Amino acid sequence: MDTFTLIPGALPANSGPLARFLPPLEEGVVSAWLGAHLKPGAWLLDPFGAAPRLSLEAARSGYRVLTTANNPITRFLLEMGAASLPAGEFKAALASLAASRKGEERLENHLQDLYLTPCAACQRETPAQAFLWRKGEDAPYARIYQCVRCGDSGERPATDDDRQRAAEMVRSAGLARARVLERVAPLGDPDREYAEEAIRHYPPRALYALATLINRLDSLQLTPQRRRALTALVLSACDAGNVLWPYPAERPRPKQLSTPPQYLENNLWLALEEAIGLWANEAHQPLPCAHWPKAQEIPESGGLLLYEGRIRHLAEAGGKVPLQAVVGAIPRPNQAFWTLSALWAGWLWGREAAEPFKVVLRRRRYDWGWQAAALHAALQHVFDLLPLGAPFFGLLAEAEAGFLTATLMAASTAGFDLRGMALRTVHDPLQLLWARGERLQVEREAVPLEDIRAALHEHLRERGEPASYFALYAAGLGKQAQGRGWRRLAEDFDQGIRETQSLIQQAIQEDEQLHRLDASERSLEIGLWDLQPGQVRAEPLADRVERAVVTFLQRNPGCSLLEVERHLYPQFAPLMAPPRSLVQAVLDSYALQQAGRWQLRPEDRAAARRVELRHMAALVRRIGERLDYAVEQPNETTCLWLEAGQTARVFYVLASALVGPLLAQNRYPPEICLLALPGGRAGLLAYKQSRDPNLRHRLLHWRILKFRLLRALAEIPVLNRQTFEEQIAGDPVQQSPGQMMMF
Ligand SMILES: [Zn+2]
């Protein structure tokens, strides 16, 4: 497991369509892994198709990717991604739609008029960007607009006009509701009541607008390419139209179809316009894309072969394509997205398109036991399609204990051996590597609690600082997965997950050598845990990261964040890959950025800092003498102020924020200790304190002094002890807002 390290990527500049339902992944990760492990042209399998961009990236980096996509919506995302249509196609498609007639009107005006609201400033009507609703009420309470006439903008209370228009919409949406229901589940369809239930998450005005758009999509004369472009925009409007837009929003990622207490009703014409930016793809050439079984249409230079069905059926058809590896984002159950996908497929392409996927309408709850069983079943078929030893590189976003447990258990019981697991923070996708093993009939032997415990202690010793519950959990689970205890669990995943979770929980909670740092009533999963004090362990991770980043910057001026991370990660165990916020805090402290390239600050070059350290130590000496202390300097960077043979003040002068060794060696009471640092380092030290309660506690009574203040003190003509005390008390360690991210 040790050679596997986290592969850094970059957040996509454009999140793309339906991003709130898709795994949040970084770009460049899967292509980097592939480049290091497989020859271009090789056939890969993405058995989940859950992250269209991942399959597309693999194909674009020169591989032939067979992707199974049972969900017609993700399949459409894959096809559109491969087609790489420029913005012009979408604009032209939307222009055709806008100009089509609805009675005497342009369709654009007809739809915009649904959202008209009186401007609070000029009283004239303007289309609202959105109306704000409270759950269960029959009229909006506010609206958001930017007046097209006078420019007045913002959120304003709803008016009588707004309430009246909403009431009219209820009356005119009846027919629209019947029509969109008919396209998914006609009268007599056993799933009709479930479709009806799902459609309740659309306000009347949205149903009216969507039914109008869908109707027009059917009748408008367009080239096939334009039609696809327009379908894409209407799909975005289908999502913009539901009530799953909580207000105020903090990056919502809905998993359940439920109405938030307050939500946005978006203007769907504007949603169409805004969607162009999400779908347009100017950066890539179109990618070869064909449907199973036309494998011969995919050239060796890479492309996408789509399988429109379940992996089970592919395995039965199998053997046509020499698969060498598996890549994919582990799908996470999402009742909201799956249910909506069934609706949207019916709306956009008719009943037959929705039919194979419609079964999702019935299911409301997906627990981890269900997840493990479903994943296990899929991976058993994947197993049959692969040669022995074939690698499986998986990304698991939105990690939590149950999801990870279900995943590792499903893979293990399907015959995949875990070879590596890399984790940065719980907010980043985990990277997992398996190899297709053999299905051995072995007796169940659980990993003993002591072994799990030893793995947890080892993790914390090596980290040198507290760990999140999830990181510890992953360390314990990795130990579990290495054993063969899960091999026979396939019959009852619910119980297996429960047992595993409680075993690791027990290993963490009932261990006298471990303690929780931020003990509070908050849930176990967000706590920080550490070894009891007094144990021999590695230098804190944060200090090692600081040193490694600075060394790399010295040797590689003009490097990028990605290069820093690529160099950094192999130096750390895979489950303790340094958080990006920490690397960023070190870069901000020591370096300047220009167009994504980092250079050490001139004052942070080694030679300049050495000179400055000596100068600062001299200033401390001189100030002490001016304040009538006896001054001693036991070494270059430590200075003592003495009075009547007693130590009154101890100064440590540092160029870095590496305070660990100094705190370990200091023999003086913290109340008289001062730490003098360059200003840029004080922010980094504050950041380190914010993420490590132990460090915060140990520095509690220390005074932190910036070099700038030392220089200023040396300049004061009449300095006395009182002025000195006042000055150092008034120099709080500042922390810039950008450094407040905890992990
Ligand atoms: Zn106005």
Whole-number Å³ per residue for the convex hull built on Cα positions in region 166-226: 108 Å³
Can you sort Arg547, Arg609 so the residue with the fewest Cβ neighbours within 10 Å comes first? Arg547, Arg609
Counting only residues 5 or more places away or on other chains, whose amide H sits under 5 Å from the amide H of Leu517 once H atoms are built in the peptide plane? Leu528, Trp529, Asp530
Taking the alpha-carbon set of region 19-151, what are its Rg and Dmax in Å? 22.4, 66
Along Cα→Cβ, 7 Å out, is where each label goes; now give me the distance between the ones at Val148 and Arg721 in nm to one decimal. 7.6 nm
Report the local net charge at Pro391: Lys and Arg +1, Asp and Glu -1, summed over other residues whose C-beta lies under 10 Å from its C-beta. +2
So the FRET efficiency between His697 and Arg419, C-beta based with R0 = 30 Å and rounded to 0.05, is 0.20
Ratio Rg/Rh, restricted to region 130-285 and using Cα atoms, in which Rh is the Kirkwood radius: 0.98
Residue order, fewest to most beta carbons within 10 Å, for Glu625, Glu499, Glu273: Glu625, Glu499, Glu273
Those lysines that a straight Cα-Cα span of less than 18 Å connects to Lys294, excepting residues fewer than 8 apart in one chain: Lys320
Cα Rg, Dmax (largest Cα-Cα span) when computed across region 270-368, Å: 17.0, 47
To the nearest 20 debye, what charge dipole does region 34-102 have about its Cα centre, counting +1 at the Cβ of each Lys and Arg and -1 at the Cβ of each Asp and Glu? 200 debye
What FRET efficiency do you get for Ala283 and Leu592 if R0 is 30 Å and r is their Cβ-Cβ distance, rounded to the nearest 0.05? 0.55
Looks like region 317-440, by Cα gyration tensor root eigenvalues a ≥ b ≥ c and the a/c under 1.5 rounded cutoff (else prolate when a/b is bigger than b/c, oblate otherwise), is oblate
Across the alpha-carbon set of region 544-595, Rg over Rh with Rh taken as the Kirkwood radius works out to 0.93
Can you tell me the dipole magnitude for the chain around its Cα centre, using point charges on the Cβ only (Lys, Arg +1; Asp, Glu -1), in Debye to the nearest 20? 960 debye
Kirkwood-Stokes translational diffusion coefficient of the chain, alpha-carbon pairs, 25 °C, 0.890 mPa s, µm²/s: 83 µm²/s
Among Met80, Met169, which comes first, second and so on when ranked by fewest other beta-carbon atoms within 10 Å? Met169, Met80
Give the Kirkwood hydrodynamic radius (Å, one decimal) of region 84-181, defined as one over the mean of 1/r across all pairs of different Cα atoms. 15.4 Å
Could you work out [θ]222 nm for the chain from helices alone, using -39500 (n - 2.57) per DSSP H run of at least four and dividing by all its residues? Round to the nearest 500 deg cm²/dmol. -13500 deg cm²/dmol
Quick check on region 369-458: take the gyration tensor over C-alpha atoms, sort the square-rooted eigenvalues as a ≥ b ≥ c, and tell me if it's rounded (a/c under 1.5), prolate or oblate. oblate
Cα centroid of region 416-465 to Cα centroid of region 697-722, whole Å: 48 Å
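Throughout, read-outs are computed from the coordinates displayed, never taken from laboratory work. Because the structure is a prediction, the values reported are computed rather than measured. Positions of Cβ are backbone-derived with ideal geometry, glycine not excepted, and every protein chain shown enters the neighbour counts.
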